[in-house]
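These notes concern the structure reproduced below.
The values are calculated or read from the model by the stated rules, or taken from the named source; none is laboratory data. Note that the structure is a prediction, hence the values are computed from the model and not measured. Reconstructed Cβ throughout: ideal geometry from the backbone, glycine too, with neighbour counts over all protein chains shown. Accessible surface areas use protein heavy atoms only, side chains included; no ligands, DNA or RNA. Shrake-Rupley method; radii C 1.70, N 1.55, O 1.52, S 1.80 Å.
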Amino acid sequence: MEVEEGVSLSSVTSFKVGGEYFGFETVRIRHILEMSEPTKVPLAKEYVMGIINNHGNMIPVIDFRAMLGLPSDDDLPETSIVVVSVDGTAESYLGFKVDEVDEVFDYTESQYQADVVVEVNRLVQRSLQATLHVGDKFIYMINLDELAKTVEE
(Lines give C-alpha, C1' and ligand atoms only; values in the text may rest on other atoms or scores of the structure.)
Protein backbone atom coordinates (compact mmCIF):
# COMPACT_ATOMS: atom_id res chain seq x y z
CA MET A 1 0.00 0.00 0.00
CA GLU A 2 1.56 3.28 -1.08
CA VAL A 3 0.71 6.15 1.22
CA GLU A 4 1.07 9.87 0.68
CA GLU A 5 3.49 11.75 2.87
CA GLY A 6 1.86 12.98 6.09
CA VAL A 7 -0.84 10.26 6.05
CA SER A 8 -0.60 7.94 9.04
CA LEU A 9 -1.22 4.22 8.93
CA SER A 10 -2.61 2.03 11.67
CA SER A 11 -2.76 -1.76 11.72
CA VAL A 12 -5.83 -3.86 12.46
CA THR A 13 -6.38 -7.58 12.83
CA SER A 14 -9.88 -8.50 11.75
CA PHE A 15 -11.90 -11.52 12.76
CA LYS A 16 -15.31 -12.91 12.00
CA VAL A 17 -18.07 -13.69 14.50
CA GLY A 18 -21.60 -14.59 13.45
CA GLY A 19 -21.11 -13.36 9.88
CA GLU A 20 -19.85 -9.89 10.92
CA TYR A 21 -16.28 -8.60 10.89
CA PHE A 22 -14.71 -7.03 13.97
CA GLY A 23 -11.21 -5.74 14.57
CA PHE A 24 -8.64 -5.14 17.27
CA GLU A 25 -5.60 -2.91 16.94
CA THR A 26 -2.83 -5.32 15.94
CA VAL A 27 -0.43 -3.82 18.48
CA ARG A 28 -2.69 -5.10 21.30
CA ILE A 29 -2.74 -8.73 20.08
CA ARG A 30 -0.29 -11.04 21.86
CA HIS A 31 -1.24 -14.49 20.52
CA ILE A 32 -3.64 -16.20 18.17
CA LEU A 33 -4.19 -19.71 19.48
CA GLU A 34 -5.93 -22.80 18.21
CA MET A 35 -9.12 -23.42 20.13
CA SER A 36 -8.62 -25.50 23.26
CA GLU A 37 -11.15 -26.21 25.97
CA PRO A 38 -10.74 -23.73 28.84
CA THR A 39 -10.98 -24.85 32.45
CA LYS A 40 -14.40 -23.86 33.75
CA VAL A 41 -14.65 -21.22 36.47
CA PRO A 42 -17.49 -21.58 38.99
CA LEU A 43 -20.08 -18.78 39.08
CA ALA A 44 -18.61 -17.06 36.00
CA LYS A 45 -20.74 -14.96 33.69
CA GLU A 46 -22.42 -16.81 30.82
CA TYR A 47 -19.93 -15.48 28.28
CA VAL A 48 -16.82 -16.47 30.28
CA MET A 49 -15.81 -19.90 29.01
CA GLY A 50 -13.08 -20.40 31.62
CA ILE A 51 -9.33 -19.96 31.75
CA ILE A 52 -6.37 -21.32 29.81
CA ASN A 53 -2.71 -21.50 30.72
CA ASN A 54 -0.48 -20.00 28.04
CA HIS A 55 3.24 -19.90 28.84
CA GLY A 56 2.48 -19.65 32.55
CA ASN A 57 -0.13 -16.90 32.13
CA MET A 58 -3.68 -17.67 33.27
CA ILE A 59 -5.91 -16.12 30.62
CA PRO A 60 -9.70 -15.76 30.91
CA VAL A 61 -11.41 -16.83 27.68
CA ILE A 62 -14.50 -14.90 26.60
CA ASP A 63 -16.96 -16.32 24.06
CA PHE A 64 -17.47 -13.40 21.68
CA ARG A 65 -20.56 -15.11 20.20
CA ALA A 66 -22.15 -15.23 23.66
CA MET A 67 -21.31 -11.56 24.24
CA LEU A 68 -23.14 -10.77 21.00
CA GLY A 69 -26.14 -12.83 22.11
CA LEU A 70 -25.55 -15.44 19.38
CA PRO A 71 -25.96 -19.19 19.85
CA SER A 72 -22.83 -21.28 20.25
CA ASP A 73 -21.41 -22.95 17.13
CA ASP A 74 -18.72 -25.45 18.04
CA ASP A 75 -18.55 -26.94 14.54
CA LEU A 76 -16.70 -24.05 12.92
CA PRO A 77 -13.31 -25.29 11.65
CA GLU A 78 -11.39 -22.00 12.03
CA THR A 79 -12.38 -21.16 15.62
CA SER A 80 -9.48 -19.47 17.41
CA ILE A 81 -8.65 -17.65 20.61
CA VAL A 82 -7.34 -14.12 20.08
CA VAL A 83 -5.29 -13.10 23.14
CA VAL A 84 -5.03 -9.36 23.71
CA SER A 85 -3.31 -7.20 26.28
CA VAL A 86 -5.55 -4.59 27.83
CA ASP A 87 -2.83 -2.49 29.45
CA GLY A 88 0.39 -3.90 27.98
CA THR A 89 1.11 -6.40 30.76
CA ALA A 90 0.66 -10.17 30.94
CA GLU A 91 -1.60 -9.69 33.97
CA SER A 92 -4.13 -7.95 31.73
CA TYR A 93 -4.42 -10.64 29.03
CA LEU A 94 -7.89 -11.58 27.82
CA GLY A 95 -8.69 -14.28 25.28
CA PHE A 96 -11.62 -14.00 22.89
CA LYS A 97 -13.06 -17.04 21.14
CA VAL A 98 -13.83 -15.99 17.57
CA ASP A 99 -15.25 -17.88 14.60
CA GLU A 100 -12.31 -17.12 12.34
CA VAL A 101 -9.31 -14.79 12.23
CA ASP A 102 -9.52 -12.92 8.95
CA GLU A 103 -6.51 -10.75 8.12
CA VAL A 104 -4.07 -8.11 9.24
CA PHE A 105 -4.09 -4.89 7.28
CA ASP A 106 -3.10 -1.26 7.45
CA TYR A 107 -5.65 1.49 7.08
CA THR A 108 -5.64 5.24 6.71
CA GLU A 109 -7.85 7.84 8.36
CA SER A 110 -9.92 8.10 5.17
CA GLN A 111 -11.15 4.52 5.70
CA TYR A 112 -12.06 5.20 9.34
CA GLN A 113 -15.63 6.28 10.09
CA ALA A 114 -16.51 7.20 13.67
CA ASP A 115 -20.14 6.19 13.13
CA VAL A 116 -20.99 2.59 13.93
CA VAL A 117 -24.26 1.32 12.53
CA VAL A 118 -24.79 -2.26 13.59
CA GLU A 119 -27.24 -3.81 16.00
CA VAL A 120 -25.41 -5.96 18.51
CA ASN A 121 -25.88 -6.97 22.10
CA ARG A 122 -25.52 -4.04 24.51
CA LEU A 123 -22.47 -5.72 26.10
CA VAL A 124 -20.52 -5.15 22.90
CA GLN A 125 -22.32 -2.05 21.59
CA ARG A 126 -20.64 0.39 23.95
CA SER A 127 -17.17 -0.89 23.02
CA LEU A 128 -17.62 -0.28 19.28
CA GLN A 129 -15.59 2.78 18.35
CA ALA A 130 -15.64 2.99 14.55
CA THR A 131 -16.31 1.29 11.26
CA LEU A 132 -13.62 0.60 8.69
CA HIS A 133 -14.50 0.09 5.06
CA VAL A 134 -11.89 -2.18 3.49
CA GLY A 135 -12.65 -3.57 0.06
CA ASP A 136 -16.14 -5.05 0.28
CA LYS A 137 -16.00 -5.50 4.09
CA PHE A 138 -17.22 -3.36 6.92
CA ILE A 139 -15.12 -4.00 10.02
CA TYR A 140 -16.39 -2.87 13.40
CA MET A 141 -13.46 -1.67 15.48
CA ILE A 142 -13.48 -2.68 19.13
CA ASN A 143 -12.20 -0.39 21.88
CA LEU A 144 -10.43 -2.95 24.08
CA ASP A 145 -10.42 -0.71 27.13
CA GLU A 146 -14.23 -0.45 27.04
CA LEU A 147 -14.64 -4.15 26.27
CA ALA A 148 -12.42 -5.07 29.22
CA LYS A 149 -14.55 -2.89 31.52
CA THR A 150 -17.64 -4.74 30.32
CA VAL A 151 -16.03 -8.12 31.02
CA GLU A 152 -14.96 -7.04 34.51
CA GLU A 153 -18.40 -5.71 35.54
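Can you say whether Y47 is farther than 17 Å from L128 by Cβ and aromatic (F, W, Y), as far as the supplied structure shows? Here the answer is no, as Y47 does not meet what is asked. Pairing each residue of segment 99-122 that is at pLDDT 80 or above with any residue that is of a type in the set (D, E, K, R), provided the two are 6+ apart or on different chains, yields C-beta distances under 7 Å for D99/K16; D99/E78; E100/K16; E100/E78; D102/K16. If you go through segment 17-45 and pick out every residue that is under 30 Å from K137 (Cα atoms) and open to solvent by 60 Å² or more (accessible area, probe 1.4 Å), you end up with 7.
With open to solvent by 40 Å² or more (accessible area, probe 1.4 Å), charged (D, E, K, R) and out of contact with any Cys (no Cβ under 9 Å at 6 or more places or on another chain) as the only criterion, which of K149, K137 stands out? Going through K149, K137 in turn, just one is open to solvent by 40 Å² or more (accessible area, probe 1.4 Å), charged (D, E, K, R) and out of contact with any Cys (no Cβ under 9 Å at 6 or more places or on another chain): K149.
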